[in-house]
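One structure is given below, encoded as structure tokens.
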Amino acid sequence: MGREKAIPERRSQRLPVLHKAAEVIQSQTHPNPALPGLPAGMASSHAGESCAAAAAEPECSISEEVLPDERMEHSQRLAVEELITTEASYVHNLQLCVSDVRAHLQEKQLPDLDLEGLFSNTDDILQVSRRFLEGLEATANQESEQLLCISALFQEFKEEMETVYKIYCASYEHALLLVESYRKDPRLQEEILETLKTIVPHTGASDLSFFLVIPVQRITRYPLLLQKILENTPASASAYLALRSALSAMAEVNTNINEYKRRKEVATKYNKAEHLTLRDRFARLNTHSIAKKTTRLSRLFMHETGIASKTEDKEYDDLEEKFQCVASSVTALKENVVSYLKHLEVFLLSTPHKHELQIDEGTAQQYRHFAECLHRSVLPEFRRRLDRLVCQPLCSLSDMLVGPQQLVKKRLDKLLDYEEIQERKSEVGSVTYDEEAAMNTYLAINALLMAELPRFNQVALQLLGQILCSLTVLQRDLATQVLQEAEKELEQMPHSHMPLPSFWKMMEDTLQQSGAQLRTFCQKFETVMPSPVSQPLNPAEERKVLSLVSRHGPDKLYQVTSNISGNKDLDLTLQRGQIVALLQSADTKGNTSRWLVDAGGPRGFVPAGKLQPYCPVQSQQPGMQVTALECGTERRRHSYALPEAPKPQVSTFTPAFQVVAGFSFAARSPQEVSIQAGQPVLLLEPHDKKGSKEWSLVDVNGQKGYVPSSYLVTVPVQEPLGWSLPV
């Protein structure tokens, strides 16, 4: 009985093992002869006691060895069951979060609720977790190999888990900030609580953070669950090394996620493009910032001069060069597309189909139909497609470049700080806490760029290629549509099916006939065209022109055809109609489109395209006695000088100017006279009777009266290059 009390209560479960051990002991002790020197009965009795003692001693040691092994096996089985059951519960809650809670909030269409910012890539996590749970449940059938299968499953899903969870964990803080902001909005908070109570009342969730924290908790729990299984697995087991490897893999995943999250926090801090005014920049200046910038500048100067060696990173330099190439390509394409759109808008401003041609039939009406089709359907549709398929994606791609550009710029600053601290560390042997933090910041930015730039460059190039392909397809579609519309109109023309030689013969005859009609019209037009009135120059302008003629000769005089605004050094600002003398028909660099002129005092450069040869009108005036001037160009058509009384034969000249009405004016009193815009007038007095220059006395077709001086414009009489309708 004493021996029975020494054995634990669970000994009944070990009976087959104990009976087998007893049988082995008895087989070893029973054949022994009686001990010498003892009576046979006593020997038999003593042998029985010895046998009983021998049997009791091994039975206790076996129970001590077998019981801990089974207890470990039982704990191991419970740990595996916990892994599978908690994974099933996790997937269920994740499914509630995605399919029920988020879907219900999405149906409400709350404008201030950022569902993407809240739930991030929960869909990707759910997809990976479902497949992982299926693999775990499938291991239940592998009794002896279950632990090996679980270890292999963790190794298989290691990269996928790290990819999806690091994105979620990096955006988790932002999601919590959103939840906190929604708590301050009573309307949003009420909608969220109503959704949770209606959809998932059994969870007892009082906020979205209940579901948002689930993925963060799960990824950190995997190493703990594996550790628990490993602790209850004997070191001699075949799955021990595999479990330990799986545990190391999941611990590495968590470490990588934490490192990625830290890098993203650094990137978020530095990749914001700040638009600061000059005052804000000055307000940020302090002793520390000035010293830091000075140190960076000096370090950069030492790099450029070769005093200090520059840290070389060939791999990063290649990545940055490729990134800068992509950025410059995007910028150039964006500028070209913007310019293209401006030209398209200018083209659409011209609407020939809206003008009444008073032609009922013929090619003019067909062209009008063609232009109307282009302006109302083809070109507007092309403009909308261009904006949707090219402009918007291109602007989005350009915005994507801002963050990496800021990080690249900040990396250079931090690299200069890093080199300075490393040099000081080699001299002193230690660094301060702030210096250590600065070094870690550089390492984080560098590691983030090395990890993200290759993928970013690849995606940016793909997007850029797609945008260019879209632009090409749009241009091709536009050309096809325009050609189709043109062919429809061409089919209605009488010469659409005419052979090519006959067509060219018809065109030649038509042009000759039109040219003859035009010449006849011009001849008739000459007889009815009113002659412009030559206006004398004021004394100051006369003296200026005479001075230019005396210094440079009449063949060097030119007249400004439109206002000139000088934008560069040594450029002149001149008004339309002003007289200048040509000094050199090229600038200092040999550019023949920029001439050096004398404006009667100042000298400088003006565009050659805004000058035309000036030819004064010959007349006889007593106050302008100069040597006879022969003008090499033809006298301006319709220009003449008023006859005067005979004077001594002194050749003078009057430049051909004309006063016209710049705006229409309706007379309001008998002293005023009405004028129409563009109508030539004869200026009698540039002031009224009281000497005010706000009113001028003019003669309009023989009628004299006052008009506002600001309504009159003095323009040079230009030799007509073609024909126009009379005013």
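The values are calculated or read from the model by the stated rules, or taken from the named source; none is laboratory data. Since the structure is predicted, the reported quantities are computational estimates derived from the model, not experimental observations. Here Cβ is always computed from backbone atoms with ideal geometry, including for glycine, and neighbour counts include all displayed protein chains.
Side notes on the structure shown:
- Members of the range 296-349 found to be among the β-branched types (V, I, T), over 30 Å from N457 (Cβ atoms) and either in a helix (DSSP H, G or I) or touching a strand residue (DSSP E or B) at 6+ places or on another chain (Cβ under 6 Å) (or both), listed by number: T305, V346
- If only residues of the range 574-593 that are surrounded by 14 or more Cβ atoms within 10 Å (Cβ to Cβ) and not in a strand (DSSP E or B) are counted, the one that is nearest to the chain's Cα centre (by Cα) is D587.
- Count of the range 453-464 residues which are free of Cβ contacts under 8 Å to residues at least 24 places away in the same chain and more than 14 Å from the chain's Cα centre (by Cα): 3
- Selection within the range 676-713 - surrounded by 15 or more Cβ atoms within 10 Å (Cβ to Cβ) and among the aliphatic types (A, V, I, L, M): V681, L682, L683, L697, V698, V700, V707, L712, V713
- Where K409 falls short, out of the listed (1) surrounded by 14 or more Cβ atoms within 10 Å (Cβ to Cβ); (2) modelled with pLDDT of 85 or more: (1)
- Among the numbered conditions (1) modelled with pLDDT under 90; (2) of a type in the set (A, V, I, L, M); (3) surrounded by 12 or more Cβ atoms within 10 Å (Cβ to Cβ), the only one that L389 does not meet is (1).
- Which listed residue is surrounded by 15 or more Cβ atoms within 10 Å (Cβ to Cβ) and at pLDDT below 85, from Q618, Q625: Q618
- Within the range 644-662, one or more residues are at pLDDT 50 or above and over 22 Å from E542 (Cα atoms).
Results for (1) modelled with pLDDT of 90 or more; (2) in a helix (DSSP H, G or I); (3) in contact with a Ser or Thr (Cβ under 7 Å, 6 or more places away or on another chain), shown as yes or no for each residue.
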| residue | (1), (2), (3) |
| --- | --- |
| L113 | no, no, no |
| L133 | yes, yes, no |
| A138 | yes, yes, no |
| E156 | yes, yes, no |
| M161 | yes, yes, no |
| K166 | yes, yes, no |
| I192 | no, yes, no |
| D207 | no, no, no |
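- Pair list, Cβ < 6 Å and 6+ apart or interchain, from the range 233-251 residues that are assigned by TED's automatic domain parsing to the domain that holds Q217 and exposed (fewer than 15 other Cβ atoms within 10 Å of the Cβ) to residues that are part of a helix (DSSP H, G or I) and among the charged types (D, E, K, R): none
- T561 loosely packed, with under 10 Cβ neighbours inside 10 Å, β-branched (V, I, T) and closer than 30 Å to L682 by Cα: no
- Residues that are surrounded by 16 or more Cβ atoms within 10 Å (Cβ to Cβ), under 59 Å from the mean Cα position of the chain (by Cα) and over 13 Å from S710 (Cβ atoms), drawn from the range 660-675: V660
Rundown of residues vs (1) surrounded by fewer than 18 Cβ atoms within 10 Å (Cβ to Cβ); (2) without any contact (Cβ under 8 Å) to a residue 60 or more places away in the chain, yes/no style:
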position	(1), (2)
G117	yes, no
C169	no, no
L176	yes, yes
L196	no, no
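- The range 336-351, subset hydroxyl-bearing (S, T, Y) and over 25 Å from H369 (Cα atoms), residue surrounded by the fewest Cβ atoms within 10 Å (Cβ to Cβ): S339
- Some residue of the range 394-402 being modelled with pLDDT of 85 or more, closer than 25 Å to L297 by Cα and not hydroxyl-bearing (S, T, Y): yes
- Qualifying residue in the range 356-365 (condition: assigned to a helix (DSSP H, G or I) and among the hydrophobic types (A, V, I, L, M, F, W, C)): yes
- Selection within the range 141-160 - closer than 9 Å to A242 by Cβ and either of a type outside the set (A, V, I, L, M, F, W, C) or not assigned by TED's automatic domain parsing to the domain that holds L226 (or both): S151, Q155
- The set of residues from the range 205-230 being of a type in the set (D, E, K, R) and in contact (Cβ under 8 Å) with a residue 40 or more places away in the chain comprises R218, R221, K228.
- Of all residues in the range 412-432 being of a type in the set (S, T, N, Q) and not in a helix (DSSP H, G or I), the one that is surrounded by the fewest Cβ atoms within 10 Å (Cβ to Cβ): S430
- Any hit, the range 86-102, residues being of a type in the set (D, E, K, R), buried (at least 17 other Cβ atoms within 10 Å of the Cβ) and part of a helix (DSSP H, G or I): yes
Let's see how each residue does on (1) hydroxyl-bearing (S, T, Y); (2) in contact with a strand residue (DSSP E or B) (Cβ under 7 Å, 6 or more places away or on another chain); (3) part of a helix (DSSP H, G or I); (4) over 21 Å from C325 (Cα atoms):
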position: E435; (1), (2), (3), (4): no, no, yes, yes
position: M450; (1), (2), (3), (4): no, no, yes, no
position: R455; (1), (2), (3), (4): no, no, yes, no
position: Q462; (1), (2), (3), (4): no, no, yes, no
position: T472; (1), (2), (3), (4): yes, no, yes, yes
position: Q475; (1), (2), (3), (4): no, no, yes, yes
position: V482; (1), (2), (3), (4): no, no, yes, yes
position: A486; (1), (2), (3), (4): no, no, yes, yes
position: M498; (1), (2), (3), (4): no, no, no, yes
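- Filtered by the rule that a residue be loosely packed, with under 14 Cβ neighbours inside 10 Å and closer than 16 Å to L379 by Cβ, the range 462-497 gives Q475, R476, A479, T480, L483, Q484.
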